[in-house]
1. In what order do PHE261, PHE411, PHE125 fall by count of nearby beta-carbon atoms within 10 Å, going from fewest to most?
2. Mind ranking 233-241, 28-36, 467-475 by how tightly packed they are, going by the mean number of other C-beta atoms within 10 angstrom, highest first?
3. Please arrange GLU246, GLU428, GLU56 by how many other C-beta atoms lie within 10 Å of their C-beta, fewest to most.
4. What number, rounded to the nearest 500 deg cm²/dmol, is the helix-based mean residue ellipticity at 222 nm of the chain, given -39500 (n - 2.57) per DSSP H run of at least four residues and division by all its residues?
5. With angles folded into 0 to 90 degrees, how steeply does helix 158-174 sit against the dominant principal axis of the chain? Use alpha carbons for both and round to 10.
6. Within 10 Å of each residue's Cβ, count the other Cβ atoms and sort VAL416, VAL179, VAL297 from fewest upward.
7. If I fit a long axis through the Cα atoms of helix 179-191 and take the longest principal axis of the Cα atoms of the chain, what angle between them do I get, 0 to 90°, rounded to 10?
8. Straight-line reach from LYS473: which lysines have a Cα under 22 Å away, not including same-chain ones fewer than 8 places off?
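Values in this text are rule-based calculations from the coordinates and carry no lab data. None of these values were measured; they are calculated from a predicted model. Here the Cβ is made from the backbone with ideal geometry for all residues, glycine too, and neighbour counts use every protein chain on show.
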Amino acid sequence: MGLGFPRGRFAANPAWQWPAALAIFSVCFWVAATGVVNPTQYADSIEQFNWAHGLELGYWKHPPLTTWLMRAAIALAGPSDFVSYVLAAVCYSGTAYFTWKIASMLMPARAAALAVLLLSLHHGFSWRAQIYNHNAVLVLMASAFVWATMRAVRSGRRFDWLAAGALAGLAMLAKYQAVIPIVCVLLGLWHSGVLRQQAARRNLALASALGALVFLPHAVWALQHGIPTLRYLQHSAPPIGPGSRELAWLNFFANQVSLNFSMLLAAAVLALWCGKPAAHASETGPLPIGSWLFALVLMPVVVVSAVILLGGITPQKYWGLQTLQFFPLLLASRLQRGWREVPLGKAAGLCIAISAAGAAYYVAESTDAQAVSKLHSMDRVWPAKELAAAALADWQAATDCPLKYVVGPSFPAGLVSVYSGLYPAVLEAGDQNKSPWIDAADLQEAGALIVSGPLPIDQPLASDMHSFAVPAKPSEGGRAQVQWAILAPHAANCATKGGP
């Protein structure tokens, strides 16, 4: 089975192909729609623009693959703000595609098609599909790795095993959380009996060695720099005391129910209303579905639960994007094999209706000032173009030099960089350790915009500062401001035009 649509029984009945295409279209639609509605992007995407100025073996928060892909895309298409949307669409639609391929190896074609339709309803593949970050690349690499491993199990070819090993290494270069699907796939190989074969064990050893080799340069870099990614994890996910771990666990999985709500709603409606008694409950796919559902659905939940309850690590809500990314396989298998035989036309119509209703609500929320004020995260509604234009106008009024550097917090400084059209490098938080590709002497010579904020709207300005109002939460007064000052350049080939 190659990268194209499966042949044989699928080619004879193209009805098994169009649901996967519809799910991929749904993801791309969400990315495009939210990209048009939002006046800016989430902070995670802006962060990738900031880091893409430097081609490093690692960054202070995460491994490098996500930023490498951003840098490659910018090299091909230029530093447009839409680059992140295209990359997000590629990651999430690619994940949907590989999920469909995985499902096709585990269950009948009808159930595989249903699985990918359900996946498209997840919050991360719809409402937040616009975000290009490490989670987006992680789920793509995890799904590609699982597919490659299953392909290797079926074919037995060494090349396929090596491809799986390379993808495991790339997944680790996306985010360290990739260790969870890697370990769970090993459990799946053991549970399904694959590892009883000497040839499989030998090929697995070679694949593991290749994966380790792919990851090795970053591992060396991390050790040389004191493993900054783990320091960031300790900061973002602080330890929890024994008395609070159960509550943290409940909160985490309650959030997962919320993020999977549209998918669960669709499954419930299909089970209760659209189906009929299953006629082929014993039909399965080419691989043992029980072993792989155990590995891909149950074991990630067990591992993350252990991290929270035994390890005492505060879980982040979007850890669940990867932890439960194969949950639609379980839903679809139960709908088609145990509960109901669901007509794909009705399933597709229901998924379209739920997705369209969600999109309509998203647009209404984004254009309603009162609804915007209640958003958990205000970053996607900042007026990025206006902010960048105001800051750039002040720079150009002060000097003839080109703007090469912006210094300040990642998000506001990054907005000025990306939306100015000039894409100057960002010295994140003024910290050379976070942006080591920036030469301090050249920055002093070329000058810079020094950005700060968001700050209270009533905070007074110094005589050399400028400001721009941005939205804030009601608890923060509803409005805030971004301030900036100009560090005058010392370059001899351009003139300073006087005071601001």
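1. Least crowded to most crowded, the residues run PHE261, PHE411, PHE125.
2. Taking the mean over residues of other Cβ atoms within 10 Å, the ranking is 28-36, 467-475, 233-241.
3. Result, fewest neighbours first: GLU246, GLU56, GLU428.
4. Mean residue ellipticity, 222 nm, calculated: -17500 deg cm²/dmol.
5. Approximately 40 degrees, to the nearest 10.
6. So the residues, fewest neighbours to most, are VAL179, VAL297, VAL416.
7. Once rounded, the angle reads 10 degrees.
8. LYS317, LYS374, LYS385
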